[in-house]
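Where a number appears in this text, it was derived from the coordinates with a stated rule and is not lab data. Computed from a predicted structure; not experimentally measured. Quick reminder, even Gly has a Cβ in these numbers, built from the backbone with ideal geometry, and neighbours come from all protein chains shown.
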């Protein structure tokens with residue numbers, strides 16, 4: 001039956017997916033991000049929280065896009081789970097607040113019952129943050145269920161053993177008055193035609209469209225799996241953030257880490273330019289070799305990568321095919337892009353990029 005339905009519906013499903021969710025639209029993204037930010041700021045607690053932070057003492061870890069599945073062949077999280085559990089143990093012991101920033105559960109391809117049963121250890125690790133009032137859960141497009149199902153509160157209480165409110169975003173406010181800067185955290189699917197409104201509604205995507213694609217074994221490209229889309233989507237997120245005043249934007253969604261508005265490839269190109277200027281031949285050759293190795297992972301390099309302002313960050317994901325996970329740390333005055341990976345079969349934390357908040361604010365002219 002599945003094979004027959006797939007043959008009949010393959011072309012219509014691909015057509016609909018391409019028509020309604022093909023390319024991110026700048027106008028929709030800008031409008032949705034602005035509306036969400038303004039809503040959280042003017043009415044905290046409805047769609048998100050406003051959390052005051054002390055610049056030199058705050059400790060926050062942001063992970064997104066775990067896509068916890070059913071421990072089967074299509075589970076993107078299964079290889080990353082050891083690193084994820086080790087990371088949460090580290091951050092719990094060191095008193096970090098944990099922001100789980102969307103697509104935490106893969107509910108397009110799995111039933112919630114299956115996800116709950118298969119990921120008890122990860123939910124228990126997250127629950128420890130909740131018990132210490134240091135857990136913020138944000139929904140994405142693959143776990144829209146948390147936002148639109150009237151019984152989701154009961155399921156959350158069953159998982160975490162106490163009430164949990166799931167938000168669309170959070171604002172981390174550092175400083176006071178005119179000196180304050182808002183770190184705006186949200187999944188990043190805002191403005192996506194297939195999961196952020198219009199007639200092709202959230203309910204339809206979460207409860208009909210996603211399960212239909214999963215049943216028919218049809219996986220149309222999304223930003224996470226299409227290099228061109230994720231590069232374009234990240235660029236639009238940067239464009240929005242660059243036009244704001246006193247706002248840094250942190251998202252997930254694309255599975256592509258971004259730090260101070262630059263992807264890894266753009267950072268390599270920028271370092272190459274500086275090395276050439278300094279006539280550092282050894283560094284130039286080393287960067288050239290790294291660029292050749294990494295170029296196939298990226299569809300494009302921003303034309304203005306040398307002059308982009310450091311207003312946008314992306315946490316990457318917790319479901320890379322090699323089991324690595326990436327995230328963003330805010331740690332006692334520092335902002336870091338970190339990776340957890342297995343080394344000698346043991347999870348290890350690695351700092352990929354870092355900058356002090358003070359230096360970041362100076363670079364932004366604040």
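General remarks:
- Extension gain for the segment residue 57 to residue 85, taken as residue separation times 0.36 nm less the Cα-Cα distance, is 7.6 nm to one decimal.
- The slack in the chain from residue 165 to residue 356, taken as 0.36 nm per residue of separation less the alpha-carbon distance, amounts to 65.6 nm.
- Packing-based order for 309-322, 27-40, using average beta carbon neighbours within 10 Å, highest first: 309-322, 27-40
- The ratio of the alpha-carbon radius of gyration of the range 30-179 to the globular-protein estimate 2.2 N^0.38 Å is 1.07.
- Descending by average beta-carbon neighbour count within 10 Å, the peptides 86-97, 231-242 line up as 231-242, 86-97, the highest first.
- Here the calculated FRET efficiency for residue 42 and residue 348, from their Cβ-Cβ distance with R0 = 35 Å, stands at 0.25, rounded to the nearest 0.05.
- Approximate spin-label separation residue 93-residue 131, in nm, with each point projected 7 Å along Cα-to-Cβ: 1.6
- When you count the other C-beta atoms within 10 angstrom of each residue and take the mean per peptide, 329-337, 120-128 line up highest first as 329-337, 120-128.
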